[in-house]
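Okay, structure first, notes after.
The values are calculated or read from the model by the stated rules, or taken from the named source; none is laboratory data. Since the model is a prediction, treat every value here as computed from it, not as a measurement. Virtual Cβ from ideal backbone geometry, glycine too; neighbours counted across all protein chains shown. Accessible surface areas use protein heavy atoms only, side chains included; no ligands, DNA or RNA. Shrake-Rupley method; radii C 1.70, N 1.55, O 1.52, S 1.80 Å.
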Amino acid sequence: MRLFLDSSVLLSAAGSEKSLSRLIVTIAEERGWKLVTAYYCRDETNRNIGKFPPKATKTWKTLQGDLSFTANALTTNRPLLLSASKDKPVLISALAAKCNVLLTLDTGDFGIVLDTKVYGMAVRTPRSFLIEQGLG
């Protein structure tokens, strides 16, 4: 299963040992999950990681080794019901990378598509994803 991690999930995974985002990264290999993100999300994480304690920066550097980076996809020929233009590249990149699930903690901007499927790709919070996997 291919999981696309947006920058909110990446920041959570780097910033807190106890977060569900970190749990997903930690168990991904044993569960057969491939972790994917776009360079766009990597750059956004790099811009914001300094807002966390210094340990988060070190953890973020380590976590990057567990990720597969995909090119930023900025356009699609299919309509999208996402109003936040800054998040459209995240959704489009996840679709272009053929991910099964987009994981986000951004319930405000992704709220309209959260807990639905967008062109066959599920959009979930880490919590709802783990519950669906029987781990919650």
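For this structure, a couple of remarks:
- So L102, is it assigned to a strand (DSSP E or B) and either open to solvent by 10 Å² or more (accessible area, probe 1.4 Å) or in contact (Cβ under 8 Å) with a residue 40 or more places away in the chain (or both): yes
- Count - residues of the range 105-130 that are part of a loop (DSSP other than H, G, I, E, B) and either modelled with pLDDT of 85 or more or surrounded by fewer than 21 Cβ atoms within 10 Å (Cβ to Cβ) (or both): 14
- Any pair with Cβ under 6 angstrom, 6 or more apart, that starts in the range 22-44 at a residue that is within 20 Å of L95 (Cβ to Cβ) and crowded, with 17+ Cβ neighbours inside 10 Å and ends at one that is modelled with pLDDT of 95 or more and polar (S, T, N, Q): V36/S68; C41/S7; E44/S7
- In the range 75-91, residue modelled with the highest pLDDT [restricted to those that are open to solvent by 10 Å² or more (accessible area, probe 1.4 Å) and outside any loop (DSSP other than H, G, I, E, B)]: P89
- Scanning the range 17-53 for residues that are touching a Cys at 6+ places or on another chain (Cβ under 8 Å) and polar (S, T, N, Q) yields no hits at all.
- Residue in the range 45-63 that is under 16 Å from V101 (Cα atoms) and of a type outside the set (F, W, Y) present: no
- Pairs meeting the criteria (first residue in the range 1-14 and surrounded by fewer than 24 Cβ atoms within 10 Å (Cβ to Cβ), second residue part of a loop (DSSP other than H, G, I, E, B) and aromatic (F, W, Y), beta carbons under 8 Å, at least 6 apart or on different chains) are M1/W33; R2/W33; L11/F52.
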